[in-house]
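First up is the structure itself, then whatever we jot down about it.
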Amino acid sequence: MSPSKPANGSKRAAPDSATSPAVTSTTKTDGPASKRQKRDGIANAKENNLIPTPAAAAAAAASQDFGAHMATQMTYAVEFLKTKGTPKTFQEVIDHLTLQHIPESQQRAFMEVMQRHSRIQFIPALKSKANADQQIPTWRTGTYQYKAKLPGVTNKLKLLEYLQQKKDASCTLVKDIKDGWPNCDMAIDQLEKEHKILAVRTKKDNHPRYVWLDRPELHHEVDTEFQVMWFQEKLPSADDMPKMLNALGQKATSEPKNPDHMAQKQPSKRKKGARPQRKFENEHMRNIFEQHKR
């Protein structure tokens, strides 16, 4: 007898789908169908330009990198113009920064930032036939110059003119002068010896720190003998000074002018002000309120 047939000749019951391993699903999420769907999705993304090409991705990364380092490059550009001290063209600036090979759009963005920079002065170029013949774009023309904190102060004459034009007696910082005139120490020393400026110097290095305008006609030489006598004269101590002034019938500046200023004054009584009369909003009920008061 065949084992596939029942012994009593009846049909065999179908196996339970829940317990039979023969009918269990073999399809998995990471099977061939899922891989096919992923490939189709990537292909559709490439067709719709959702995934950039390697060249486009590299260009986008370079653009982002340039934007992140534009501030650093601008600092180098300002330092370059400050060191040279003369106007430079845009091409000379980007050649110094080795930015001549970046895309034109980035060069133009860098140029716009330079023209708006607070420490860079843009000098527009006059229309010339040479620029027209060379077909130079308009945005590449013109020159750029460092804008110092004290514009134009680059020699002794300009420094004296600037100090004479000041409307107050405030000092002028030497570091502001050096911002546009780095080698000004010798000139300041000469002007001070000529009594045309007054300088306050550091105690450690004797470097000038602040300067004011001076007038040579007000300077008078003092004999050396008198200077020696002046510094040999000893002054009384701070404790003995008031006593000596009192003995001469004078008062020290530290003493109060009114000796009774320490006396406590009784506070004056504040008078009560008259209460303002209130304005009646209901004029038709005024007589009722007046009768009520009576």
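Throughout, read-outs are computed from the coordinates displayed, never taken from laboratory work. Fair warning: this is a prediction, and the values are worked out from it, not measured in the lab. For neighbour counting, all protein chains shown are included, and Cβ atoms are generated from backbone atoms with ideal geometry for every residue, glycine included.
Packing, as the average of other Cβ atoms within 10 Å across residues, places the peptides 191-198, 111-118, 238-245, 218-225 in the order 191-198, 111-118, 238-245, 218-225, highest first. For L213, nonlocal amide neighbours, meaning residues 5 or more places apart or on other chains whose placed amide H falls under 5 Å from its own, are L198. Note on S237 and Y210: the extension gain reaches 6.5 nm, defined as 0.36 nm multiplied by sequence separation minus the Cα-Cα distance.
Net charge of the neighbourhood of V200, taken over other residues with C-beta under 15 Å away and scored Lys/Arg +1, Asp/Glu -1, is -1. Pairs of lysine in segment 156-218 with Cα under 15 Å and at least 8 positions apart or on different chains: total? The number of close lysine pairs in segment 156-218 is 7. The 3J(HN,Hα) values that the Karplus relation (6.51, -1.76, 1.60; θ = phi - 60°) gives for segment 152-160 are, in residue order, x, 7, 10, 8, 5, 5, 5, 5, 5 Hz. Gly and Pro appear as x.
Here H207, H101 are placed in order of increasing Cβ neighbour count within 10 Å, fewest first, which gives H101, H207. If you take every residue apart from I120 with its C-beta less than 13 Å away from the C-beta of I120, what net charge results, scoring Lys and Arg +1 and Asp and Glu -1? Once all neighbours under 13 Å are counted, the net charge is +4.
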